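The values are calculated or read from the model by the stated rules, or taken from the named source; none is laboratory data. None of these values were measured; they are calculated from a predicted model. Here the Cβ is made from the backbone with ideal geometry for all residues, glycine too, and neighbour counts use every protein chain on show.
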């Protein structure tokens with residue numbers, strides 16, 4: 001019995017070694033299991049998408065993934081971002097499969113270049129690909145020598161992609177030369193893509209055993225029953241990419257205008273800063289969209305008319321003109337083209353109606369208040385609009401003793417009674433009006449401000 005501790009001590013290193021061997025073997029088996037990383041890729045093709053695909057493909061290769069599946073649904077986007085993505089896919093360190101999905105998705109315009117750049121390309125039923133003719137920044141045809149240079153450059157890029165991936169060059173070039181668009185079945189028949197895949201398991205089964213070339217080396221895919229994981233955009237990337245949504249960009253631009261309008265009506269710096277930030281974010285989105293300068297100018301004109309309504313007696317006519325410009329500008333904000341390299345986008349009609357109605361309600365309140373103040377009966381000896389004695393307001397620029405106050409919906413030159421200095425934000429009460437200057441005293445002096 002006394003020898004048992006000695007036996008256990010003698011055998012302990014062997015037991016530990018055996019456990020270590022089992023753990024190492026298990027980890028090697030786990031690492032050897034095929035794993036596919038799915039990258040959901042939707043929306044406008046921009047630099048955010050390009051960076052996302054570049055980084056996630058590199059991460060997947062570093063983690064030992066067997067392949068990457070780019071689940072694509074895009075109306076198109078910026079040419080430079082497209083070139084960046086094409087370069088990433090052609091030089092990827094592991095097999096890349098582009099899957100146009102789900103049903104109803106499209107790989108239009110720039111999406112055509114991206115799809116054909118993958119080692120393997122599959123489409124879900126009910127999807128389409130094509131319409132990759134280059135156009136100008138406003139969606140117009142590019143005429144003359146410049147147009148020939150741009151189109152020939154796009155054709156050369158498409159030809160090199162089709163050659164590199166063994167796809168039908170003529171069918172691929174037609175998407176650029178004549179803006180040809182193909183259904184999934186047509187794309188398969190013409191040799192542009194490799195087949196159908198209704199869902200991810202079907203895709204993994206379809207690509208299993210296929211041999212592709214990765215950086216000059218032949219790689220045979222082993223994806224039957226492979227584990228899958230999805231790697232989407234980070235919150236920051238998602239926000240930046242969301243800005244390229246045509247509706248979001250328009251809403252941000254409108255909200256920014258509201259902020260600046262509130263700042264002019266009631267200076268407080270907060271609404272002005274937030275409004276300026278919203279407009280900057282809107283222009284970030286506009287940079288990835290086929291912006292129509294005419295539509296943007298109409299929105300700018302609408303803003304000018306709304307601002308003038310605050311200072312000019314027009315009985316609401318300027319506000320009505322601003323609403324018309326707002327509606328027309330929203331409808332024409334993006335170029336409507338049938339087959340561009342840039343996406344075919346527009347602001348949704350319900351959003352236009354909602355924004356115009358909201359702006360109309362806001363301007364109605366402003367016009368009503370302005371008309372009431374302008375219809376006040378002038379006191380003898382006054383010039384212009386009269387302020388009723390006893391009206392309450394707030395100091396805008398310090399009264400030392402002369403400055404400005406905000407009262408009855410407008411900003412007035414003011415003088416403090418008794419030459420008493422009053423600081424910004426001090427509640428005041430109007431004692432009398434002298435021409436275009438009101439004489440005020442602190443609101444708690446001789447009465448309540450309520």
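For this structure, a couple of remarks:
- Of all residues in the range 231-247, those that are under 24 Å from residue 65 (Cα atoms) have Cβ atoms under 7 Å from Cβ atoms of residues that are part of a helix (DSSP H, G or I), 6 or more apart or on another chain, in 231/56; 233/52; 233/241; 237/48; 237/52.
- Residues of the range 175-205 that turn out to be in a helix (DSSP H, G or I) and surrounded by fewer than 21 Cβ atoms within 10 Å (Cβ to Cβ), as a count: 9
- Residue 122 assigned to a strand (DSSP E or B) and either surrounded by fewer than 18 Cβ atoms within 10 Å (Cβ to Cβ) or in contact (Cβ under 8 Å) with a residue 60 or more places away in the chain (or both): yes
- When residue 322 is tested against (1) more than 23 Å from the chain's Cα centre (by Cα); (2) modelled with pLDDT under 90; (3) crowded, with 20+ Cβ neighbours inside 10 Å, exactly one condition is not met: (2).
- If you go through the range 62-100 and keep only what is in contact with a strand residue (DSSP E or B) (Cβ under 6 Å, 6 or more places away or on another chain), more than 19 Å from residue 200 (Cα to Cα) and modelled with pLDDT of 95 or more, you end up with just 89.
- Enumeration of residues in the range 160-174 that are in contact (Cβ under 8 Å) with a residue 12 or more places away in the chain, surrounded by fewer than 17 Cβ atoms within 10 Å (Cβ to Cβ) and in a helix (DSSP H, G or I): 164
- Residue list for the range 200-230, restricted to those being touching a residue at least 12 places away in the same chain (Cβ under 8 Å) and over 17 Å from residue 65 (Cα atoms): 206
- So residue 251, is it within 18 Å of residue 77 (Cα to Cα) and either surrounded by fewer than 21 Cβ atoms within 10 Å (Cβ to Cβ) or touching a strand residue (DSSP E or B) at 6+ places or on another chain (Cβ under 7 Å) (or both): no
- Close pairs (7 angstrom Cβ cut-off, 6 or more residues apart or separate chains): assigned by TED's automatic domain parsing to the domain that holds residue 251 and closer than 15 Å to residue 317 by Cα in the range 355-369, in a helix (DSSP H, G or I) and at pLDDT below 90 anywhere: 363/306; 363/309; 363/319; 366/309; 367/309; 367/319
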